[in-house]
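Visitor: Let me give you the structure first, and then I'll get to my questions.
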Amino acid sequence: MRYLLEISFNGTNYQGWQVQPNGTTVQEVLNNALSVITRQQVETVGCGRTDTGVHARQYFAHFDCDQELPSNFLRSLNGILPYDIAVHHVRPVSSEFSARFNAVSRTYEYLITFEKNPFYHMLATRWYLALDIEAMNIACNSMLGERDFCSFSKVNTDVKHYTCNLMSARWYYRNDLLVFEVTANRFLRNMVRAMVGTLVLVGEGKIDQQKFMDILESKDRKNAGVSVPAHGLYLVGIEF
């Protein structure tokens, strides 16, 4: 049987989602816990990769198991998992379902704080300069639709193309946090962090709207801004 898990995690202590040979990852920890519970080797398939230090409020992964799960499965699994990974729901799905390939959109948020706040340590990025939110939102609107986002991607990745359909992107205030929210059918490696690093240059008045578009259309990562720190980035929604 195939099961779908909905989880969340604080990525501070992990080298991203996907199993790697040189560091602890969320997938590795989840696989090990599931293997203990089911008493068989379990390999999960996630809805996408997250980079080192990136968090997820909503993440999905599926796994196959040749037995029905007990009624106390969630309680037992959460009892084994560390404090920074939680499983919220589990349900059976079709054997054809894929957490990765059936996802039609993903939504990320990037959080910025303008004040020193111990409760945002490693959970939001502190910014020291004033930002023009209106100018940043104009730049966001210019990115919408299907286009090549190579300028905001890590180079030498294993993707076949750099085209993404950006469905929405906006900056807004949520209480004392400045939030960048972006939804697309897919995201390239480092894309949101590079996007934010370039948009804040608009907000600081260091580049204008035309320069921003020139960077986007250049398809050259060297022209864009630096990648902002990973700890401000959250995967917050998946649509199937």
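Each value in this text was obtained by applying a stated rule to the coordinates, not by laboratory testing. The structure presented is a predicted model; accordingly, all values stated were derived computationally and were not measured. Methodologically, a virtual Cβ is constructed for each residue, glycine included, from the backbone with ideal geometry; neighbour enumeration extends over all protein chains shown.
Visitor: Once amide H atoms are built 1.01 Å from N in the peptide plane, which residues 5 or more positions from Phe240, or in another chain, come under 5 Å H to H?
Guide: Amide H neighbours of Phe240, under 5 Å, 5+ apart: Val104.
Visitor: For the stretch 154-219, what ratio Rg/Rh do Cα atoms give with a Kirkwood hydrodynamic radius?
Guide: Looking at the stretch 154-219, the ratio lands at 0.99.
Visitor: Based on a Kirkwood Rh over C-alpha pairs, give the Stokes-Einstein translational diffusion coefficient of the stretch 2-93 at 25 °C and viscosity 0.890 mPa s in µm²/s. Could you put the intermediate results ahead of the total?
Guide: Working: Rh = 13.1 Å.
Using the Kirkwood radius from Cα pairs, D works out to 187 µm²/s.
Visitor: What is the spin-label model distance, in nm, from Asp214 to Arg100 if the labels are put 7 Å beyond Cα along the C-beta direction?
Guide: With each label placed 7 Å out from Cα toward Cβ, I get 3.9 nm.
Visitor: Using amide H atoms built in the peptide plane, which far-off residues or other-chain residues are under 5 Å from Arg189 H to H?
Guide: Excluding prolines and chain starts, which carry no amide H, the hits are Lys154.
Visitor: Express the C-alpha Rg of the chain as a ratio against the empirical globular expectation 2.2 N^0.38 Å, rounded to two decimals.
Guide: Values: Rg = 19.0 Å, N = 240, 2.2 N^0.38 = 17.7 Å.
Normalised Cα radius of gyration, the chain: 1.07.
Visitor: What nm value, rounded to one decimal, do you get for the distance between Tyr162 and Met122 when each label is placed 7 Å out toward the C-beta?
Guide: For the pair Tyr162/Met122, the computed spacing is 3.3 nm.
Visitor: How many nm is it between the label spots at Val226 and Glu134, if each spot is 7 Å from the Cα in line with the beta carbon?
Guide: Simple spin-label model gives 3.0 nm for this pair.
Visitor: Largest first, please: the extent of the C-alpha atoms of the stretch 1-42 along each principal axis, to the nearest Å.
Guide: 31, 22, 14
Visitor: Could you name the lysines whose alpha carbon sits less than 23 Å from that of Lys219, not counting residues in the same chain fewer than 8 places away?
Guide: Of all the lysines, those that pass the test against Lys219 - Cα under 23 Å, at least 8 places apart if same chain - are Lys154, Lys160, Lys206, Lys211.
Visitor: Against the globular-protein guess of 2.2 N^0.38 Å, express the Cα radius of gyration of the stretch 108-233 as a ratio, rounded to two decimals.
Guide: The value comes to 1.01.
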